[in-house]
1. Evaluate segment B:138-148: report whether one residue or more is within 13 Å of chain A (Cβ to nearest Cβ), in contact (Cβ under 8 Å) with a residue 60 or more places away in the chain, over 26 Å from A:Gly102 (Cα atoms) and open to solvent by 10 Å² or more (accessible area, probe 1.4 Å).
2. Tell me, which residue of segment A:3-37 that is crowded, with 17+ Cβ neighbours inside 10 Å and under 20 Å from A:Ile119 (Cα atoms) is nearest to the other protein chains (Cβ to nearest Cβ)?
3. Conditions: (1) in contact with a helix residue (DSSP H, G or I) (Cβ under 9 Å, 6 or more places away or on another chain); (2) buried (at least 19 other Cβ atoms within 10 Å of the Cβ); (3) within 13 Å of chain A (Cβ to nearest Cβ). B:Leu50 meets all but one. Number of the miss?
4. Taking segment B:10-21 only, how many residues are surrounded by 15 or more Cβ atoms within 10 Å (Cβ to Cβ) and touching a Leu at 6+ places or on another chain (Cβ under 9 Å)?
5. Out of all the residues in segment B:54-71, which are more than 8 Å from chain A (Cβ to nearest Cβ), crowded, with 16+ Cβ neighbours inside 10 Å and within 30 Å of B:Gln17 (Cβ to Cβ)?
6. Give the residues of segment A:270-322 that are touching a Phe, Trp or Tyr at 6+ places or on another chain (Cβ under 8 Å), away from chain B (no Cβ under 14 Å) and buried (at least 19 other Cβ atoms within 10 Å of the Cβ), sorted by residue number.
7. Confirm whether B:Asp156 is more than 21 Å from A:Ala320 (Cβ to Cβ) and of a type outside the set (Val, Ile, Thr).
8. Look through segment B:117-137, keep the residues that are open to solvent by 70 Å² or more (accessible area, probe 1.4 Å) and among the hydrophobic types (A, V, I, L, M, F, W, C), and return whichever of them is farthest from the other protein chains (Cβ to nearest Cβ).
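The values are calculated or read from the model by the stated rules, or taken from the named source; none is laboratory data. Being a predicted model, the structure only gives us computed values, none of them experimental. Heads up, the Cβs are rebuilt from the backbone with ideal geometry, glycines too, and the neighbour counts pull from every protein chain shown. Heavy atoms of the whole protein, side chains included, go into the accessibility calculation; ligands, DNA and RNA do not. Shrake-Rupley method; radii C 1.70, N 1.55, O 1.52, S 1.80 Å.
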Amino acid sequence: MNLSLLRKNLQESMLLFLGCAGLLAAFSFFRVWIVGRLDSGRFRQIIDLLPKDWERFSSVDFEWIVSYLGRTATTLDEPMVVMLVSAWALVRGADVVGGELGRGTMEMLLAQPVSRARIFWQQFSVNILGVITLCLVVWLAMWMAVQTTQIKETEYPSFNIPLTGFKIPVPNGEPKQILVPMRDVVDATGFAPGLVNLACLGVFFAGMASWLSSNDRYGWRATGLAVGVYFLFAMFKIGSAATPSLAWLGWITVFSLYEPELHIQASQTDSGAVWHWFMVNHVSAKTVAGPLLANLALLAAGASLAMIGALRFSRRDLPAAG
Amino acid sequence: MIESLVSVHQLSKQFRQHWALAGCSLEIRRGEVFGLLGPNGAGKTTLLRLLMGYLKPTTGNATVSELDCYRDRVAIHRQVAYLPGEVRLFRSMNGRQVLKFFSGIRPDGDFQAALRMARRLDLDLSRWVAFMSTGMRQKLALAAVLSLPAPLTILDEPTANLDPTVRTQLLQIIDEIRRDGRTVVFSSHVLSEVEEVCDRVVILREGKLVHEQSMGDLRKMYRIRARIEGGDLTELLPLVDSARHDPLTGRLTIEVAGDIHPVLRWLAQNPVEEIEVAPAGLRSVYEKFHSVPVEQVV
């Protein structure tokens with residue numbers, strides 16, 4: 001670890017990091033807070049109005065999504081959250097080689113007694129550190145929202161049977177609305193499997209963008225290509241879910257391995273589910289990659305692409321600035 | 001025998017169909033200032049980038065202190081201070097931060113020495129690189145490079161964009177590096193600068209090394225211009241390196257290396273009307289190789 005190089009990498013990425021972190025924190029807090037504004041009964045009515053066919057766009061059943069945990073957990077599947085974490089990973093990854101070459105600063109940098117591999121891996125490490133920190137920012141914002149938000153619950157009059165602990169509802173009693181802290185119904189530590197999945201997706205995009213960058217001489221072009229691939233993957237995911245004849249697209253999109261709600265739901269029913277290689281998706285009744293397989297596949301693909309990128313950068317001719 | 005610091009053997013670099021450098025061989029001795037001359041596209045920068053290990057040679061090899069320039073590039077960079085031809089620095093830093101970065105990233109870096117060099121080059125270090133002029137950025141990069149105690153300093157067109165005062169200052173610093181026993185490789189288009197600081201130069205043309213010139217020998221060369229009516233030129237030819245005579249105007253141009261007296265004696269014995277004796281200078285050597293097609297000089 002070269003401290004001067006580390007300081008430079010941190011300095012160059014600070015503005016983007018602060019921007020992404022600020023937006024993620026604000027959005028995640030707001031998204032969970034909004035869940036508290038809409039009580040479950042009304043949300044269920046909205047969900048019931050949706051055609052049953054639409055359930056195929058969701059990896060978890062609507063019954064679970066109606067719950068407070070389900071509705072807060074879907075924050076991790078919001079395009080804004082996925083895009084901001086991916087944007088950080090893609091932009092910083094694309095800057096590793098192409099950015100320095102494009103700005104013309106690689107020449108002076110490589111004249112120092114620091115290997116190309118170290119320059120590559122150190123910037124990649126800062127990228128991964130940023131991905132992990134952004135995921136923690138999302139979790140912190142969601143935790144804060146869970147801690148501070150109150151939800152409306154309908155309470156029916158009842159009376160306690162002494163010594164038994166049983167409550168008997170009063171048949172003709174008037175129900176009343178009460179405020180309950182969200183933390184009583186949502187445990188924020190339950191989001192962890194989804195956040196791990198989000199971090200693994202970030203690692204994949206960091207590796208992919210770094211590999212694209214190692215082949216290029218312009219950061220903007222590497223960024224453009226990486227963003228293009230991101231949207232292509234997103235289109236494949238939508239296509240595979242929307243049309244049965246295009247289901248095969250699901251095999252070639254990385255987003256098939258990104259199922260944060262599914263991982264959270266599975267871990268709620270079985271705490272050991274995060275270590276499963278495969279699991280059954282109750283909506284599609286298909287066997288899908290379990291949290292362990294999905295996360296390891298994302299990490300392995302990201303690390304492999306980064307390694308190919310580092311090798312390519314170490315061996316390629318470097319064009320002069322201009 | 002003087003030990004070589006840099007050895008280049010049959011070094012070539014091909015980009016697609018174009019040979020940027022073709023079969024270049026040379027030796028650079030410890031403690032000398034070595035010049036690279038040639039027009040744009042002659043292969044000077046390609047040669048320097050091959051020495052820095054940025055490019056993989058197509059054929060041949062180059063060594064610095066017997067370390068291979070491509071395979072052992074990190075070890076070589078510990079011994080080299082390099083200024084690229086096109087200086088670009090980190091725009092998000094100010095001058096002081098740039099010097100701190102370059103002195104921090106190297107084991108031999110010295111921030112105080114870099115600050116002293118910046119003061120010598122009259123540089124405002126509080127300004128952000130993004131708001132510096134091209135000349136200021138060049139001075140900043142020079143301060144970072146010249147403050148290093150590296151055994152080999154490679155400067156690719158270092159005087160480009162510099163004002164005359166800083167240019168003179170830079171040539172003085174190069175002279176100080178030489179007196180310190182360190183080696184400088186200096187690439188430039190400006191013949192007068194090369195003539196002033198270099199001990200030896202090579203001239204490149206279309207990727208080929210076409211001439212090597214010791215500046216010591218060059219300083220013993222003279223160019224004599226005269227107008228002569230008649231006279232037996234066959235007596236002159238054995239005394240000179242080259243002679244051109246225009247019978248219509250009577251103009252005679254002679255180049256002599258070494259002892260000039262026999263030629264002056266011959267001129268005194270002949271009907272000379274006008275005479276001008278001057279050191280030959282690098283320009284006359286340079287023009288020999290850059291005013292005729294490449295086939296005639298290789």
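1. Yes, the conditions are met somewhere in segment B:138-148.
2. Across segment A:3-37, the extreme among qualifying residues is A:Ser4.
3. Result: B:Leu50 fails condition (1) only.
4. Within segment B:10-21, the subset surrounded by 15 or more Cβ atoms within 10 Å (Cβ to Cβ) is B:11-13, B:19-21.
Narrowing further to those that are touching a Leu at 6+ places or on another chain (Cβ under 9 Å): B:11-13, B:20-21.
Adding up the residues that qualify gives 5.
5. Hits for segment B:54-71 are B:Pro57, B:Gly60, B:Ala62, B:Thr63, B:Val64, B:Cys69, B:Tyr70.
6. A:Ala289, A:Gly290, A:Pro291, A:Ala294, A:Leu298, A:Gly302, A:Leu305, A:Ala306, A:Gly309, A:Ala310
7. Considered against the rule, which asks whether it is more than 21 Å from A:Ala320 (Cβ to Cβ) and of a type outside the set (Val, Ile, Thr), B:Asp156 comes out as no.
8. B:Phe131
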